[in-house]
Amino acid sequence: TTLAGAVTSTGPTTGGDISAPIFSYDITHVVVPTSYGVALNPDGLEITVRTATTPEKTAATVASKNFGIINKSSKDKLVKIGLSVSSTEQTEEITLVDTAAKATTDASKGEYKIFLQAVPADTTPITVVSGTQPAAAATAPTTATQPSSLAHVVMTKATTGTVPMQLGDNEIAFKLGKATYALKPGESLDLENLDSTTDNDVQSKYGVTSLDVAKGVTGFTFDGAVNTNADWTKVSGQIRITPTYTVETTDSSVQIVSGTGAVAKETKPRFTSAGVGKVTYTAGEDDDAFASIVSITAPWEGSPLDITSYATVDFATSTITFTPVIYDGWAAANINPEATIIYKNAGGEDVSARVTLVTH
């Protein structure tokens, strides 16, 4: 803005306005896989994980590719992966449990029990491999790494930050460091030529130049166990996992789980089936912490049935116990319904969660 060139009066003289734009930008660009590969392998068959010059094979009970996530954003991002798990099996009863022991040594003959968990990468940087190259040829991801390569990640599994899967909604979240950005060739932030229509629109002038390969990329996979003392040939259905990615800008208040490369410390309660008529939960932290039950419903004959009054919360053991009379009907029909729990957190908000109610 050009001020008056001369002041010829002793009174106040208007010198015009000084416009001070705010030069700031937040470019969100997170690269996620476009393909997945997971299979349950109760017979320990040899499965090809990736076709390469030297094919990568496994006989693991849960065979899974490794998947990568890259933050190409201009700011740190919290990437939440919602993992919705369902079963298409129509005849046999399949139960997802939260420990390997419950699916193996504690399982009875003929029970179709599965322990399936999401496993993050540890603090070792991940690498990616493309095409038919061997795993030894894997290199650090770059700004040019394509989504198709993110189903071919080389990573080391963490022993912390794992998330057991249950039927219904599950979530794992990663805090990823920002990428490096610079002004594009020929661009500048110029006080000599401020344009009032684009004063604060500076993100189009910047482009990504490099990744934070230590904190801005990570990986995850699946592993687990199944009851091998069951005839899985009778199961014609599948376990389906539907991933949904949500991205938001984050800051230093979000902490990373020790022993992992990027798993964000969970502050919300997690509800887990804990046997017939019981659900356990983690307390949560700060404003997200569990405070009280608002309502609990489960589907009965096509409509939600309110079962709140049949539930007792033991805060000392973080357990919700249901009176048998309310779940006997589901048990007789060989059904473990998915319950919806509405709870109030310490911040006074009503929050929804889903968990399988084991009835038999």
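Read-outs throughout are calculated quantities, based only on the coordinates presented, and are distinct from any laboratory measurement. It should be emphasised that the depicted structure is a prediction, and the values quoted were computed from it without experimental measurement. A quick note on method: Cβ atoms are made from the backbone with ideal geometry, for glycine too, and the neighbour counts reach across all protein chains shown.
Please report how far the C-alpha centroid of region 20-42 lies from that of region 102-177, rounded to the nearest whole angstrom.
A separation of 15 Å, based on Cα centres.
Using the alpha carbons of the chain, what is the convex hull volume per residue in cubic angstrom, as a whole number? If you can, show how the numbers build up before the last one.
Numbers: hull volume 72.1 nm³, N = 360.
It is 200 Å³ per residue.
Quick one: which of 233-243, 112-122, 320-330 comes out on top by average Cβ neighbours within 10 Å, and what's the full order, highest first? Show your work: numbers first, answer last.
Details: 233-243: 13.1, 112-122: 23.3, 320-330: 16.7.
Peptide ranking by packing, descending: 112-122, 320-330, 233-243.
Given 0.36 nm per residue, what is the gain on full extension from THR28 to GLU93 after removing their alpha carbon distance, in nm?
Numbers: separation 65, 0.36 × 65 = 23.40 nm, distance 4.25 nm.
Result: 19.2 nm gained on full extension.
Working only with C-alpha atoms, what are the Rg and Dmax values of region 273-354, expressed in angstrom?
My reading of the Cα-based Rg and Dmax gives 13.0, 41 Å.
Sequence neighbours fewer than 8 away in the same chain don't count; with that in mind, list the lysines whose C-alpha is under 29 Å from LYS205.
In chain and number order, the partners are LYS72, LYS75, LYS77, LYS80, LYS175, LYS178, LYS184, LYS215.
Kindly provide the helix-only [θ] at 222 nm of the chain, computed as the sum of -39,500 (n - 2.57) over DSSP H runs of four or more divided by all residues, to the nearest 500 deg cm²/dmol? Don't skip to the end; give the middle numbers.
On the way: 2 runs with 13 residues, N = 360.
Only helices count here, giving -1000 deg cm²/dmol.
Skipping prolines and chain starts, which residues have an amide H placed within reach, meaning under 5 Å, of the one on VAL97, given they are 5 or more residues away or on another chain?
Sorted by chain and number, the residues that satisfy this are ILE114, PHE115, LEU116.
Want the number for ALA20 to VAL213: 0.36 nm per residue separation, take away the alpha-carbon distance, what's left?
Working: separation 193, 0.36 × 193 = 69.48 nm, distance 3.57 nm.
Gain on stretching ALA20 to VAL213: 65.9 nm.
Ordered by residue, what ³J(HN,Hα) values in Hz, to whole numbers, does region 353-358 give under the Karplus form 6.51 cos²θ - 1.76 cosθ + 1.60, where θ = phi - 60° and Gly and Pro are x?
9, 10, 8, 6, 8, 6
Calculate how large, on average over all directions, the projected area of the Cα convex hull of region 134-222 is; give the answer in nm² to one decimal.
Working: hull surface 40.1 nm².
Averaged projected hull area, Cα only: 10.0 nm².
Residues with beta-carbon under 11 Å from that of TYR25, excluding TYR25: net charge, scoring Lys, Arg +1 and Asp, Glu -1? Show your work: numbers first, answer last.
Details: positive: LYS75, LYS205; negative: ASP26, ASP201.
With Lys, Arg at +1 and Asp, Glu at -1, the net is 0.
Near the amide H of ARG354, under 5 Å away, which other amide H atoms are found, from residues 5 or more places off or on another chain, if H is placed in the peptide plane?
Answer set, sorted by chain and number: ASP169, ILE341.
Amide H to amide H, which residues 5 or more places from LYS57 or on other chains are under 5 Å from it, using H placed in the peptide plane?
Under 5 Å from the amide H of LYS57 lie the amide H atoms of VAL49, each far enough along the sequence or on another chain.
Per the Kirkwood treatment, what hydrodynamic radius in Å, one decimal, follows for region 1-138 from the mean inverse distance over all distinct Cα pairs?
On the way: mean 1/r = 0.0471 Å⁻¹.
Final number for the Kirkwood radius of region 1-138 is 21.2 Å.
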